[in-house]
Amino acid sequence: GAVNKTIAVVAYPRISNLDEFQPLKNIPGVRLVWARTPADCAAADWIILPGSKHTSGDLAWLRVQGLDAAVAAHAAQGRAVLGICGGLQMLGEALIDPHGIDGNAPGLGLLPLVTVFDEDKTVRHTQAQFGRVSGLWAALSGVHVQGYEIHHGQTAQHPAMAAAGNVAQVVLPNGLGWKNTPGNVLGCYLHGLFEDPAV
């Protein structure tokens, strides 16, 4: 059948939870690409930054490949970017690691968020409901989701950026999900979204 949407999942060296994207392969008209170079992202409608077993290390790899610029250009054109867990952390301004868990790093700067790595790991099944979502991800508005969280990082609005008027819009409660003002960049902590038929 005809391909009407190409989804590039950035395949970093320490990608986690690869299988959660398999359901996308079963959707008619969707082509799933594992992206390791900027060229792999060039034709994509969506870019997904998945979870990572070592967020700062995979972020460094992303920069060496030139994928940081590819993702930024994609977002600047108003195209869809989704970050899940470690991918959400990468989309923010900074990763701060006071306990030596994952490493400090500047983020991609596509969401005005900051992540601090906590000694305690959050591992839980989570149910939540999307609030009002505007922009490219508007179809998620009001959708009940279930998935799971596995992360040390705790992500929040970057205070200085908020003071300057750059505020991430909350789309899931309790620090689970945000989007940018134009509505094309979305980040959330829930793994398994695409295993949820409602999503």
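The values are calculated or read from the model by the stated rules, or taken from the named source; none is laboratory data. What you are looking at is a predicted structure, and each value in this text was computed from that prediction instead of being measured. Virtual Cβ from ideal backbone geometry, glycine too; neighbours counted across all protein chains shown. Ligands, DNA and RNA are excluded from the accessible area calculation, which covers all protein heavy atoms including side chains. Shrake-Rupley method; radii C 1.70, N 1.55, O 1.52, S 1.80 Å.
Taken over the stretch 66-134, the alpha-carbon convex hull comes to 112 cubic angstrom per residue. Residues His144, His125 ordered from highest to lowest accessible area at a 1.4 Å probe: His125, His144.
3J(HN,Hα) along the stretch 122-131: 8, 9, 6, 7, 9, 10, 7, 10, 5, x Hz, from the Karplus curve 6.51 cos²θ - 1.76 cosθ + 1.60 with θ = phi - 60°, whole Hz, x for Gly and Pro. Taking 0.36 nm per residue of sequence separation and removing the Cα-Cα distance, the Ile150/Asp45 pair yields an extension gain of 35.1 nm.
Could you tell me which residue out of Pro28, Asn180, Ile7 lies farthest along the dipole of the chain toward its positive end? Charges go on the beta carbon: Lys and Arg +1, Asp and Glu -1, centred on the Cα centre. It is Pro28.
Residues whose amide H comes within less than 5 Å of that of Gln154, counting only those at least five positions distant or on another chain, are Val116, Phe117, Asp118 (H built at 1.01 Å from N in the peptide plane).
Computed over the chain with a Gaussian network model linking Cα atoms closer than 10 Å, the most mobile of Val81, Val143, Val171 is Val143. For the stretch 5-21, 3J(HN,Hα) computed residue by residue from phi via the Karplus equation (6.51, -1.76, 1.60; θ = phi - 60°) reads 8, 10, 10, 9, 9, 5, 9, 6, x, 10, 4, 10, 6, 4, 5, 5, 8 Hz, glycine and proline entered as x.
Note on the stretch 94-182: Cα-only Rg and Dmax are 14.1, 39 Å. Between Arg124 and Ala164, full extension at 0.36 nm per residue minus the direct alpha carbon distance yields a gain of 11.0 nm. According to the square roots a ≥ b ≥ c of the eigenvalues of the Cα gyration tensor, what is the shape class of the stretch 1-80, taking rounded for a/c under 1.5, prolate for a/b larger than b/c otherwise, and oblate for the remainder? It is oblate, given that a/c is not under 1.5 and a/b is not larger than b/c. What does the C-alpha gyration tensor say about the overall shape of the chain? Classify as rounded when a/c is under 1.5, otherwise prolate if a/b is larger than b/c, or oblate. The shape class here is rounded. Note on Thr181 and Gln77: with the Förster distance fixed at 25 Å, the Cβ-Cβ geometry gives a FRET efficiency of about 0.95.
Taking label points 7 Å from Cα along the Cα-to-Cβ direction, Ala138 and Trp34 give a separation of 3.6 nm. Report summary: the helix-based calculation at 222 nm, which adds -39500 (n - 2.57) for every DSSP H run with n ≥ 4 and divides by the residues of the chain, gives -5000 deg cm²/dmol. Close amide H contacts of Asn184 (hydrogens built in the peptide plane, cut-off under 5 Å, sequence separation of 5 or more or a different chain): Leu136. Look at the alpha carbon pairs under 8 Å that are at least 6 residues apart: their mean separation over the length of the stretch 89-193 gives a relative contact order of 25 percent.
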